[in-house]
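Each remark here refers to the structure printed beneath this line.
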Amino acid sequence: MTTQTKRNSTAEWQAQDRQHLHPFTDHAELGRVGAKVITRAEGTYLYDSDGNKILDAFAGLWCVNIGYGRKSIAEVAREQLLELPYYNTFFKTTHPPVAELSKLLVEMTPKQFNHVFYGLSGSDANDTIVRMVRTYWNLKKQPKKKTIISRWNGYHGSTMVAASLGGMNYMHELADLPLPGHSHIRQPYWYGEGKDMSPEDFGKAAAKALEDRILELGAENVAAFIGEPIQGAGGVIIPPATYWPEIQKICRKYDLLLIADEVICGFGRTGYMFASEYYNIEADFMTLAKGLTSGYMPLSAIMVADRVAEVLNSFGDFNHGFTYSGHPVSCAVAIENIRIIREEKLVENVRDVTGPYLAQRLAELQDHPLVGEVRSLGLMAAIELVQDKKTHKTFEPLGKTGTICRDHCVKNNLIMRATRDTMLLSPPLTWTRDHVDECIKLFRAALDSTAKDLGVK
Ligand SMILES: *Cc1c(COP(=O)(O)O)cnc(C)c1O
């Protein structure tokens with residue numbers, strides 16, 4: 001921070017910031033309440049401009065897997081900035097950090113992935129994948145294969161294409177989305193949409209929606225299917241075990257490319273390095289971002305399966321790329337991030353220790369009058385608040401209760417996120433049992449305050 005910035009007060013920062021456009025923000029409300037000013041972070045705690053110490057149970061935005069304040073990351077970035085701050089990877093050029101990171105990613109990801117392409121965000125990576133999918137089918141002389149099927153309530157980013165892949169109505173409206181060539185099917189959301197069936201039967205039924213849509217559109221017109229192994233922003237929707245094997249089968253049967261968007265799941269969040277391992281998904285593309293650098297620098301990577309890369313590489317130039325594709329500082333940071341994840345055995349710790357412990361502590365919340373369902377895999381969890389625990393009936397208007405609860409969490413110096421009335425957890429993978437205990441304690445207090453506000457006993 002410059003001395004100038006340091007001298008400012010919360011009110012001054014808020015005043016300077018107020019008129020500007022923020023992502024996913026209601027600006028009228030921002031004007032009324034003022035932005036929260038985060039000034040510093042260490043480990044799993046944030047500090048705001050009023051001196052509050054806040055437990056970050058959301059790892060920034062699902063991304064700070066190794067926690068804040070890692071000095072070795074800063075050192076690696078500094079060295080790279082001095083050695084080679086920038087050079088591009090266009091026109092048959094490369095540099096050591098990008099080459100080394102690619103080797104690492106090939107080694108870590110499932111065996112069909114031996115080719116990497118870099119971007120700066122999950123959104124631009126998914127955008128690039130759509131371009132690769134089109135190129136693939138055009139080169140395969142099946143130019144009619146264009147439509148990409150995805151799910152309602154899926155999230156794939158915010159560019160025009162990524163938001164079209166996504167199934168968020170509130171992102172489509174007013175922007176004339178989705179773009180042509182996108183088609184959405186139901187999500188594998190058992191608690192909300194499948195309670196008359198066993199989870200196993202529901203998983204198959206939700207997958208069958210893909211086959212039905214392919215037959216409706218004609219397989220000769222359908223290019224690919226994209227899905228998050230576990231939906232994140234949509235509310236940590238964990239599909240039944242029967243879902244992904246069916247999806248895989250259907251993609252093979254009708255010759256669709258399969259895209260696993262691992263932007264949140266990747267790099268250990270679920271207790272597996274990639275959720276594709278947990279669900280046994282054999283995808284043609286894998287989208288990586290967030291945990292790839294733990295958010296310390298912007299970077300995304302697309303893993304491209306051999307059978308796709310062979311076709312893409314059979315033609316001359318692939319005329320696509322960003323000035324900062326494979327940025328040397330981002331790549332150097334990603335390498336150090338992966339070293340930390342491996343050396344500290346963060347993934348194994350999530351799978352064997354903190355993940356099961358979080359699940360156990362969350363299960364205790366089931367006795368609360370507001371809690372309909374708790375679900376988690378590794379350190380990715382949801383607590384769904386409902387009006388009627390028996391029928392799963394939600395509150396009306398949907399989203400109000402979640403916002404009340406989220407605001408109580410913030411008051412208690414706990415950052416959690418609310419999607420509709422579902423409270424979401426996605427903490428740094430460095431959490432210990434003590435952090436889990438601290439979080440559950442603060443969260444239960446927020447739940448009690450929410451129940452009191454609503455007059456629920
Ligand atoms: C966050 C996210 C994206 C978009 O990534 P950005 O870096 O915000 O563009 C894409 N897919 C999933 C599953 C995400 O959670």
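The values are calculated or read from the model by the stated rules, or taken from the named source; none is laboratory data. Every value quoted in this text rests on a predicted model; they were computed, and no experiment measured them. Every residue, glycine among them, receives a Cβ derived from its backbone with ideal geometry; neighbour counts consider all protein chains shown. SASA here: full protein model, heavy atoms, side chains in, ligands and nucleic acids out. Shrake-Rupley method; radii C 1.70, N 1.55, O 1.52, S 1.80 Å.
Counting only other residues whose beta carbon sits under 10 Å from that of LEU104, what net charge do I get with K and R as +1, D and E as -1?
Surrounding charge for LEU104 is +1.
Could you work out the Rg to Rh ratio of the stretch 342-442, with Rh taken as the Kirkwood radius (inverse of the mean 1/r over all Cα pairs)?
Result: Rg/Rh = 1.00.
Cβ under 15 Å from ASP437's Cβ, ASP437 left aside: what net charge do those residues give with Lys, Arg +1 and Asp, Glu -1?
Spelling it out: positives minus negatives among the neighbours equals +1.
Using 0.36 nm per residue, how much length does the chain from LYS452 to LEU215 gain when fully extended, once their Cα-Cα distance is taken away?
Stretched out fully, the LYS452 to LEU215 stretch lengthens by 80.3 nm.
Just need the relative contact order of the stretch 72-343 here, percent rounded to a whole number, with Cα pairs under 8 Å and 6+ apart.
It comes to 28 percent, rounded to a whole number.
Please tell me the relative contact order of the stretch 227-272 in percent, rounded to the nearest whole number, where contacts are Cα pairs under 8 Å and at least six residues apart.
45
Mind listing the long-range amide H neighbours of LYS146? Cut-off is under 5 Å, sequence gap 5 or more, other chains count too, H placed in the peptide plane at 1.01 Å from N.
So LYS146 has HN proximity to VAL222, ALA223.
Given a Förster distance of 56 angstrom, what is the FRET efficiency for GLU193 paired with LEU82, based on the Cβ-Cβ distance and rounded to 0.05?
After rounding to 0.05, the efficiency reads 0.55.
Compare the peptides 449-457, 368-376, 416-424 by average per-residue count of other Cβ atoms within 10 angstrom and give them in order, highest first.
Highest mean packing first, the order is 416-424, 368-376, 449-457.
Give a residue-ordered list of calculated ³J(HN,Hα) values for the stretch 348-364 (Karplus: 6.51 cos²θ - 1.76 cosθ + 1.60, θ = phi - 60°; whole Hz; x for Gly, Pro).
The phi angles translate into 4, 5, 5, 5, 9, 10, 6, x, x, 5, 4, 4, 5, 5, 5, 4, 5 Hz.
In Å², and per residue, what accessible area does the stretch 1-135 have when probed at 1.4 Å with the other protein chains present?
Result: 58 Å² per residue.
Along each of its three principal axes, how wide is the spread of alpha-carbon positions in the chain, in whole angstrom units, largest first?
Cα spread of the chain along its principal axes, largest to smallest: 63, 60, 45 Å.
Name the lysines eligible as straight-distance cross-link partners of LYS146: C-alpha to C-alpha under 26 Å, and not fewer than 8 places from it in the same chain.
LYS204, LYS208, LYS249, LYS253
Under a cut-off of 27 Å between alpha-carbon atoms, report the lysines in cross-link reach of LYS36, not counting same-chain residues fewer than 8 places apart.
Leaving aside lysines fewer than 8 places away in the same chain, those within reach of LYS36 are LYS6, LYS53, LYS71, LYS290, LYS400, LYS411, LYS441, LYS452.
What percent does the relative contact order of the chain come to when contacts are Cα pairs within less than 8 Å and at least six residues apart?
Relative contact order for the chain comes out at 19 percent.
Just to check I understand the Karplus step: with θ = phi - 60° and J = 6.51 cos²θ - 1.76 cosθ + 1.60, what whole-Hz values come out for the stretch 34-42, glycine and proline as x?
x, 6, 7, 9, 8, 10, 6, 8, 8
Considering only protein heavy atoms and a 1.4 Å probe, what is the carbon-and-sulfur percentage of the accessible area of the stretch 72-343?
Carbon and sulfur together cover 54 percent of it.
Which ³J(HN,Hα) values, rounded to whole Hz and listed in residue order, are derived for the stretch 432-442 from phi using the Karplus coefficients 6.51, -1.76 and 1.60 in 6.51 cos²θ - 1.76 cosθ + 1.60 with θ = phi - 60°, glycine and proline given as x?
Running phi through 6.51 cos²θ - 1.76 cosθ + 1.60 with θ = phi - 60° gives 9, 4, 4, 5, 4, 4, 4, 5, 5, 4, 5 Hz.
If packing is taken as the mean number of other Cβ atoms within 10 Å per residue, what is the order of 429-436, 45-52, highest first?
Answer by packing, highest mean first, reads 429-436, 45-52.
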